[in-house]
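Heads up, the thing below is written out as C-alpha cells.
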Amino acid sequence: MRKLTDAIQNKTATIGIVGLGYVGLPLALAFSEAGFKVLGFDVQQKRADLVNEGSSYITDVGGERLRQAVANNRLAATTEQKRLVEADAVCICVPTPLTKTKDPDLSYVVRESEEICKCLRRGQLVVLESTTYPGTTRHVVLPILESAGLKCGVDFYLAYSPERVDPGNTTHNIRNVPKIVGGIDSESTRLAQLLYSQVAETVVPVSCPEVAEMTKIFENVFRSVNIALVNELAQLCSNMGVSVWEVIAAASTKPFGYMPFYPGLGVGGHCIPLDPYYLASKAREFDFHTRFIELAAEINEQMPYYVVRLILEALNSRGKSLKGAKVLVLGVAYKRDIDDKRESPSLKLIQLLIEKGAKVGYHDPGIQAIEVAGCLLTSVELNKKSLSAADCVVIATDHSCYNMEEVVLHSRLVFDARGPTTGLRGDNIVRLGE
Ligand SMILES: NC(=O)c1ccc[n+]([C@@H]2O[C@H](COP(=O)([O-])OP(=O)(O)OC[C@H]3O[C@@H](n4cnc5c(N)ncnc54)[C@H](O)[C@@H]3O)[C@@H](O)[C@H]2O)c1
C-alpha cells in the first residue's frame, strides 16, 4: 500500500488513538512528538477537553509535553467517532475488563470496531492494542470491520500490537521497549511494523495476531505466577521463622537463571489481575484448564485475607482486638509511585478491615478519596500525630515518599506488607514473610 507507506514515512499520516487512558494518551503523545498529527478519541468529554487544554490526567504524561503537542497542533482530542475517517492509522486502546463472573468483557472492543467500521475507508490501517485472548483480532474485530464490504489485506489492514507500558517506570517507555506486531496478512504486519518503528526503537514482527495476543498474556501470566510463588514462599518462611526478604536478596546475587519477585498484598492494576483470566476463559473452549493461572490467582487473591489475619494476631499479642482498633493504611495505589487504584489489593485489605470492625484511615499521596464497603474515605495527613494515633500502621504500598524511619519511630505497631522496613529494627515492626 504505497500511499499509506509514504504517508507514514514522510509523517503526513494522521494517527487516530482511540481510548485516551493509561495506554492511549502516552501513545498519542509519542506519535505527536515523532512529528505526526494525532487525533485522540475518547467517550469521556472531560478527557477530550483536558487533552485539548493541554492538561494531563495521567502521571506518566508530563503536562508540559502535552501542552507543547497541543500548541504545535500535533495533538487534539474529540468524542466524535465519525472523525475516525480522518485517521490513516487507528490504534484501539480501549479497556478490556472482566465481567462479574471473571469472564472477558469485549464490549468496548466490539463497540469501537463497529464505530470504526462505519468510517472505514480504503487504505486505512487498524491496530488493536487492548490486551485480550488469542483470536480476538481475527474472530471478533476482523468480521466487524469486513461487514461493511471492504476486504482486509486488500482494502484496509488489520494487526494486533500489545501495549507493554509499565506505569510509573521511568526507565522503560514506548521508545525503548520493543513493540510486537502481528498482522492478519503480511501487508498488515509490514504496515504496522512501519507505523510503530516511528515511535519505538525496536519492532518485532510475528507471524500472526494470535502470537502477538498470546505473547502479551504470557508476559502477564509469568508475573502473576511468580508473584504467587513468592507470596506462597513468604507464608512458609513466616512459619519457619526465616526472612523471605533476606532469602530474595541472597537469591538475587545469582547472575543467571533467577529474577526477583517480591511478596505483598497480591496483584493490582488493569493487567495482571485480569489478563490471565482472558486466557483461562478462552482455554476452556479448547477443553484445557490453565492450572497455573488459577492457582496463582487463588494464592494472590488470598493475600489480603492472610494479611488481615496477621494484623489481627499482631494486635492480639499486644492485648488489642481488631474490632475497634484504629488502623492507618499507607498506600492504596496497586504499586509504588503511581496513582492507579484499579484492582488494588489495598482496597480489598481496607474492606476486610472495615468488615472486621476496625476504624480504618489511609494515606496515599496520589489518591485523594476512595469508596470501600460503602464508606467514603479521604486520604489523611501523614504526620507524627496521625501515625501515633493509630493502633496499627500498615505499609500496603511502599511509595518512595514514605520515610520508613519516621513511620517506625512514631507508630505503636507497624505491619509491613511490602518489605521497605527491612533493615530497620524495632519491637513494633511485624513483617510479612518473617
Ligand atoms: N494500564 C496499563 O498499564 C496497561 C498496560 C498494557 C496494556 N493495557 C491494556 O490496554 C487497554 C487500555 O487500558 P488502559 O489502562 O489505558 O485503560 P483506561 O481505562 O486508562 O483508558 C481507556 C480509555 O478508553 C476510553 N474508552 C472506552 N470506550 C471507548 C470507546 N468506545 N471509544 C473511545 N474511547 C473509549 C475510556 O473512557 C478511557 O479513557 C486494556 O486492554 C489494558 O488491559 C493496559
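Where does the chain land on Rg/Rh, using Cα atoms and the Kirkwood Rh?
Rounded to two decimals, Rg/Rh equals 1.01.
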Percent of Cα-Cα pairs more than 16 Å apart in the range 146-202, please.
49
At 0.36 nm per residue, and after removing the present C-alpha to C-alpha distance, how many nm does the segment from residue 291 to residue 148 gain when stretched out fully?
47.4 nm
Could you order peptides 165-177, 80-92 by the average number of other Cβ atoms within 10 Å of their residues, highest first?
80-92, 165-177
Mean Cα-pair separation over length for the chain, i.e. relative contact order, pairs under 8 Å, 6 or more apart, %:
11
For the range 218-305, divide the Cα radius of gyration by the Kirkwood radius and give the resulting Rg/Rh value with two decimals.
1.02
Hey, could you pull the Cα Rg and Dmax for the range 240-372, both in Å?
17.6, 54
Name the shape class, rounded, prolate or oblate, that the alpha-carbon gyration tensor gives for the range 295-369, where a ≥ b ≥ c are the square roots of its eigenvalues, rounded holds for a/c under 1.5, and otherwise prolate holds if a/b is larger than b/c and oblate otherwise.
oblate
Helix by helix through the chain, keep the DSSP H runs that span 27 Å or more along the axis on Cα and average at least -0.5 on Kyte-Doolittle, and give those back in order.
209-240, 291-316
Taking amide H positions as placed 1.01 Å from N in the peptide plane, with prolines and chain starts having none, which residues 5 or more places from residue 362, or on another chain, fall under 5 Å of its amide H?
329, 380
Estimated D of the range 48-111 in µm² per second, where Rh is the Kirkwood radius over Cα pairs and Stokes-Einstein applies at 4 °C, 1.567 mPa s
92
What whole-number distance in Å separates the alpha-carbon centres of the range 159-174 and the range 71-133?
18
If you wrap a convex hull around the Cα atoms of the range 75-231, how much volume per residue is inside, in Å³?
136
Ranked highest first by average number of other Cβ atoms within 10 Å, how do 216-224, 260-268 line up?
260-268, 216-224
Cα centroid separation - the range 283-334 against the range 359-405, whole Å
18
Partner aspartates and glutamates for residue 356 [C-alpha distance under 16 Å; skip if fewer than 8 residues away on the same chain]:
313, 391
In Å and on Cα atoms, what radius of gyration and Dmax does the range 343-434 show?
12.8, 38
Can you tell which of 238, 271, 338 lies farthest toward the positive end of the dipole of the range 208-340, using +1 and -1 charges on the Cβ of basic and acidic side chains (Lys, Arg; Asp, Glu)?
238
Amide H neighbours of residue 416 under 5 Å, at least 5 residues apart or on other chains, H built in the peptide plane: list them.
395, 430, 431, 432
Using the structure shown, list the pairs from 3/37; 11/341; 216/341; 37/102 with a Cα-Cα distance above 27 Å, or answer none.
11/341; 37/102
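Tell me whether the range 1-126 comes out rounded, prolate or oblate; compute the Cα gyration tensor, take square roots of the eigenvalues as a ≥ b ≥ c, and use a/c under 1.5 as the rounded threshold.
It is oblate, given that a/c is not under 1.5 and a/b is not larger than b/c.
FYI, it's all coordinate maths here, none of it is from the lab. It should be emphasised that the depicted structure is a prediction, and the values quoted were computed from it without experimental measurement. Backbone-built Cβ (ideal geometry, glycine too); neighbour counts: all protein chains shown.
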